1. Taking A632 as the residue in question, decide whether it is in a helix (DSSP H, G or I) and away from the ligand (no atom under 16 Å from the Cβ).
2. Would you tally the residues in the range 583-599 being within 16 Å of the ligand (Cβ to nearest atom) and touching a Leu at 6+ places or on another chain (Cβ under 9 Å)?
3. Residues that are of a type in the set (F, W, Y): which helices (runs of 4 or more DSSP H) entirely in the range 744-839 hold 2 or more of them?
4. Is it the case that some residue within the range 129-141 is in a helix (DSSP H, G or I), more than 16 Å from the ligand (Cβ to nearest atom) and surrounded by 22 or more Cβ atoms within 10 Å (Cβ to Cβ)?
5. When you scan the range 334-353, do you find a residue that is under 24 Å from N458 (Cβ atoms), at pLDDT below 95 and of a type in the set (S, T, Y), even just one?
6. Quick check: anything in the range 341-355 assigned to a helix (DSSP H, G or I) and surrounded by fewer than 18 Cβ atoms within 10 Å (Cβ to Cβ)?
7. List the pairs whose first member sits in the range 212-226 and is farther than 17 Å from P402 by Cβ, whose second member is among the small types (G, A, S) and surrounded by 13 or more Cβ atoms within 10 Å (Cβ to Cβ), and whose Cβ atoms are under 7 Å apart, counting only residues at least 6 apart or on separate chains?
8. Are any of the residues in the range 662-685 under 19 Å from L520 (Cα atoms), away from the ligand (no atom under 12 Å from the Cβ) and at pLDDT 95 or above?
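The values are calculated or read from the model by the stated rules, or taken from the named source; none is laboratory data. These figures come from a predicted structure and were not determined experimentally. Backbone-built Cβ (ideal geometry, glycine too); neighbour counts: all protein chains shown.
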Amino acid sequence: MSNTHPAPSSSKVPSTTKIPSTLGELDLPTDVRRHLTVTLGHFDDRQPPSSESDKRYLYRALAISVRDRLVPEWQQTWRRMWQSDDRKVYYLSLEFLIGRSLTNAIQNLDLDDETRSAMHAYGMELEEVADRELDAGLGNGGLGRLAACFLDSCANLQLPVVGYGIRYEYGMFHQHIKDGRQVEDPDHWLRDGNPWEIVRAESTRRIRFYGRTEQHPDEQGRMKTRLVDTSDVLAVPFDMPIPGYRNKTINTLRLWKASTTDVFDLAEFNAGSYTEAVATKNNAEQISMVLYPNDASENGKELRLKQQYFLVSASLQDVIDRWVKKHGDDFSEFGQKNCFQLNDTHPACAVPELMRLLLDEHGMEWDDAWEVVTRCMAYTNHTLLPEALERWSVGLFSRLLPRLLEIIYEINARFLKLVDQQWPGDVGMRREMSLIEESDNPHIRMAYLAIVGSFSVNGVAGLHTQLLESGLFKNFAELWPRKFNNKTNGVTQRRWLAHCNPGLRELLNETIGDGWQTDLTKIDQLAPHATDPAFRERWQSIKLENKQRLADLVKETTDVDFDTSFLFDVQVKRIHEYKRQLLNVLHIIHLYDRIQRGETAGMVPRCVLIGGKAAPGYHVAKLIVKLINDVAKVVNADAKCRDLLRVVFFPNYRVSSMEVICPATELSEQISTAGKEASGTGNMKFMMNGALTIGTLDGANIEIRENAGDENFFLFGLDAAEVVETKKEYRPNDIIAADPDIARLMNILESGTFNPDNPGLYDLLTGGLRSPHDPWVTIADLRSYIDAQAEVGKAYQDTDKWNEMSILNAAGSGWFSSDRTISQYAQDIWDVRALPPLK
Ligand SMILES: *Cc1c(COP(=O)(O)O)cnc(C)c1O
């Protein structure tokens with residue numbers, strides 16, 4: 001889409017804000033009309049668009065018109081960034097779960113009224129047009145969404161930060177439900193073009209795979225290593241704008257697309273092998289073809305390692321190229337002036353790759369190069385699940401990245417000397433800490449590589465960081481205690497409150513002013529209003545409107561009627577055993593059982609919504625999706641349940657659906673096995689929007705409870721230490737037998753109530769629940785969960801009290817802004833300041 005209109009000529013453009021905000025000095029309605037007819041070649045008769053296709057044209061015309069308005073400030077921000085010699089940060093992430101860009105740009109550029117009235121000329125509401133934008137789903141879940149929230153906050157704080165990622169042709173799969181089961185469809189999000197990207201072909205980089213190393217003397221006669229006989233792929237950058245909030249700052253997310261080095265392999269072409277030549281092209285382009293849909297698990301696929309190295313090498317070359325243009329081959333200050341934040345271990349190849357570039361391509365010696373690398377790499381860990389820790393087989397690595405493997409061996413040899421100094425003669429410690437896990441099939445421990453090569457290692461919530469230091473990375477924390485630090489995650493209140501909850505936004509602006517949009521700590525000024533009856537009433541009526549909006553969406557997508565007078569009880573997140581959607585289902589079955597037995601005194605009517613994607617190869621998670629759908633079917637068809645319980649599995653959970661779900665939620669389910677959820681960020685979005693949490697002492701739930709007040713949080717279950725204790729002698733069958741409620745609900749589940757035509761379908765799930773080795777100890781927490789849910793019901797019946805608790809949750813959410821998180825990264829890790837104004 002870069003060629004849809006000319007860039008402003010660069011030579012004579014004044015370097016001030018005087019650059020016209022519209023390229024042709026046209027007003028927005030005229031721009032939309034021009035883009036619709038001229039740019040897109042679509043016939044525009046100003047009639048309300050009748051077909052879906054017409055509406056998509058209108059969306060594109062509006063998006064391009066809005067983009068026109070941010071391009072000048074985007075260019076200026078880029079100049080501000082590179083004219084300054086201050087330290088820069090590069091956020092390296094295999095995932096950026098951006099969602100939609102149009103409404104975000106409209107909000108941040110303050111174009112709401114203008115765009116709204118321009119759409120009225122076409123008989124359309126802005127929302128209806130904006131709904132045509134496909135989510136940029138370049139991520140799986142929390143980790144990818146965190147990267148997107150972080151970029152938003154960096155732009156809001158005007159920090160010199162560039163995001164680097166991969167421009168996947170296919171993002172997160174689209175989920176639909178057929179006969180209660182998840183079916184995956186490819187997400188070809190670029191099919192209508194992407195108005196938010198600009199290709200920068202001039203900054204294309206060459207990425208070298210395979211081949212072998214050889215020694216050669218350099219100009220000074222020193223022996224150096226080089227790679228030969230490689231098979232190369234090009235990385236072409238596409239830039240996306242990240243607008244700050246009304247601050248004339250537009251940061252950049254640079255996404256790499258893989259491309260063949262030559263359009264055709266000429267030799268093959270000349271030999272008449274046209275199709276083979278084109279196939280080579282496709283092979284190269286495979287690298288950026290599809291996002292791996294696994295959340296919190298790794299599976300050792302060659303293509304995945306290629307993606308990781310592709311991102312890392314392209315991004316490092318990009319940064320180094322810019323450095324060399326300014327400083328030549330003097331890298332003495334490179335480490336002080338640049339910082340790479342690694343979003344989990346996925347980009348950990350950055351450590352040996354930067355070594356390679358400095359040693360082999362810029363003539364540095366090992367010690368100097370290592371000094372540079374360890375001054376500029378910082379690593380964020382995202383998981384405590386041992387099965388999610390990345391390992392790559394040495395065999396694969398030596399074929400695909402032979403030079404990197406040599407460098408990793410050298411890093412390891414030097415590192416193990418240090419281990420020897422710290423723990424003399426301790427062979428066990430050497431084996432434990434080695435970057436290479438020795439066995440018949442040795443593997444590289446990528447997390448250890450990231451720790452050794454970084455000056456900072458952080459966890460993403462207080463508990464998570466503590467558990468890293470005392471568990472997974474204990475030895476490293478002992479060796480380098482000052483490397484380890486905590487940065488509790490956050491979310492951007494501009495998307496997750498101001499944009500998605502306009503009713504509440506206006507109430508907040510009116511009540512406490514609009515400063516909270518850029519400084520969420522101000523939201524604590526809500527607290528005194530929690531006891532004001534008139535305020536509570538307005539609070540409640542906004543929630544009711546949001547519930548109606550969600551009910552409409554639920555009706556449209558699932559044909560289930562959600563009654564807005566019921567409690568809206570929501571669990572949306574990736575489907576994973578540790579997140580325990582099963583625990584939620586067991587509670588639903590308990591309610592169903594009570595209704596069947598007429599034990600409904602004091603029962604609060606509920607609409608339960610569960611949504612999320614299961615990794616396509618994760619059999620148990622997919623079976624849980626099936627169970628949720630089967631339970632929903634039975635419950636919703638049961639006349640006795642009609643006034644008390646509705647259940648829905650919400651298909652294709654994604655960013656744009658969360659924007660409707662979180663403002664409407666009253667009860668947020670954060671029920672993971674304690675010690676397993678690193679942080680969670682969904683929990684924060686709900687809290688900001690006034691939901692109360694029912695949760696375990698896990699991840700950021702702990703900090704949510706501290707900030708909301710214990711009395712405004714429904715706590716249940718074992719804490720992390722108790723989970724460890726419980727596992728030593730865990731007998732779920734005894735618990736089930738001793739508790740009549742639990743025994744009955746298990747019997748309902750196991751007797752085929754939800755799978756009459758498919759006996760045994762859920763044996764895998766019920767067997768897991770009953771196993772003494774159940775890693776998630778679901779049955780251990782069930783009684784406590786059922787009781788806490790009863791407390792929720794009681795609290796909900798006292799409407800005034802519930803509203804008060806809801807207000808106090810929102811009022812306590814100031815800590816969970818990603819602006820706070822990013823300020824801490826900027827201060828404690830990056831040591832960067834806001835961009836200076838343009839000179
Ligand atoms: C916030 C968010 C997540 C993360 O949710 P958790 O409950 O923290 O796992 C995942 N997916 C989407 C679409 C989100 O918006």
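1. Judged against the criteria, A632 is a match.
2. 1
3. 778-797
4. Checking the range 129-141: at least one residue is in a helix (DSSP H, G or I), more than 16 Å from the ligand (Cβ to nearest atom) and surrounded by 22 or more Cβ atoms within 10 Å (Cβ to Cβ).
5. No - not one qualifying residue is present in the range 334-353.
6. no
7. So the pair list comes out as D218/G363.
8. There is at least one residue in the range 662-685 that is under 19 Å from L520 (Cα atoms), away from the ligand (no atom under 12 Å from the Cβ) and at pLDDT 95 or above.
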